[in-house]
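*Asks:* Take this structure first; my questions come after.
The values are calculated or read from the model by the stated rules, or taken from the named source; none is laboratory data. Bear in mind that the values here come from a model prediction, so they are computed numbers and not experimental data. Note that we place each Cβ from the backbone using ideal geometry, even for glycine, and neighbour counts take in every protein chain shown.
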């Protein structure tokens, strides 16, 4: 059973394949509406239904949720957060660097295609 939270609580939440720190702004029967404050893990690139498969019809570029963007996160994917909340852009820069390093190390065809997407996203994120 998942923990019960209230509006205003700081939490971590997984949305698709990204992980975020956010604030609960509404409570729904199956979801919490969470306002993004920081990024903990960048979403994986490619087809969410065929993870790590480079040979899909559309290899999607997946962006991190934006600062103060709100999203519905299933209650079972939300956990309490008690630490300091990093500044959004600093957290995004850190996870982009970590993701790029991990992809370079992996070196598979999927990783190389993902790395290309990450470089495009990085230019857009940090204009």
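*Asks:* Looking only at the range 73-84, which residues are more than 15 Å from the chain's Cα centre (by Cα) and within 11 Å of residue 21 (Cα to Cα)?
*Replies:* Passing the criteria: 80, 81, 82, 83, 84.
*Asks:* I've got another one for you. So which of 23, 97 ends up being without any contact (Cβ under 8 Å) to a residue 40 or more places away in the chain and either surrounded by fewer than 16 Cβ atoms within 10 Å (Cβ to Cβ) or assigned to a loop (DSSP other than H, G, I, E, B) (or both)?
*Replies:* Just a single option satisfies the conditions, and that option is 97.
Let's see how each residue does on (1) closer than 26 Å to residue 5 by Cα; (2) surrounded by 13 or more Cβ atoms within 10 Å (Cβ to Cβ); (3) modelled with pLDDT of 95 or more:
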| position | (1), (2), (3) |
| --- | --- |
| 32 | yes, yes, yes |
| 42 | yes, yes, yes |
| 50 | no, yes, no |
| 56 | no, yes, no |
| 82 | yes, no, no |
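*Asks:* Oh, and also: Assess whether residue 70 counts as being in contact (Cβ under 8 Å) with a residue 24 or more places away in the chain, surrounded by fewer than 18 Cβ atoms within 10 Å (Cβ to Cβ) and within 16 Å of the chain's Cα centre (by Cα).
*Replies:* yes
*Asks:* Within the range 84-94, restricting attention to residues that are touching a strand residue (DSSP E or B) at 6+ places or on another chain (Cβ under 6 Å) and assigned to a loop (DSSP other than H, G, I, E, B), which residue is surrounded by the fewest Cβ atoms within 10 Å (Cβ to Cβ)? Outline the logic, then answer.
*Replies:* Start the filter on the range 84-94 by keeping residues that are touching a strand residue (DSSP E or B) at 6+ places or on another chain (Cβ under 6 Å), which leaves 85-86, 88, 91-92.
Next, only the ones that are assigned to a loop (DSSP other than H, G, I, E, B) stay: 85-86.
Working: 85: 13, 86: 15.
Looking at residues that are touching a strand residue (DSSP E or B) at 6+ places or on another chain (Cβ under 6 Å) and assigned to a loop (DSSP other than H, G, I, E, B), I get 85.
*Asks:* Got a sec? Which of 111, 64 is surrounded by 13 or more Cβ atoms within 10 Å (Cβ to Cβ) and part of a loop (DSSP other than H, G, I, E, B)?
*Replies:* 64
*Asks:* Any chance you could count how many residues in the range 26-58 are touching a strand residue (DSSP E or B) at 6+ places or on another chain (Cβ under 9 Å) and not in a strand (DSSP E or B)? Can you show your working first?
*Replies:* Taking the range 26-58 first, the residues touching a strand residue (DSSP E or B) at 6+ places or on another chain (Cβ under 9 Å) are 26-28, 30-44.
Still in the running and not in a strand (DSSP E or B): 28, 30, 42-44.
Count: 5.
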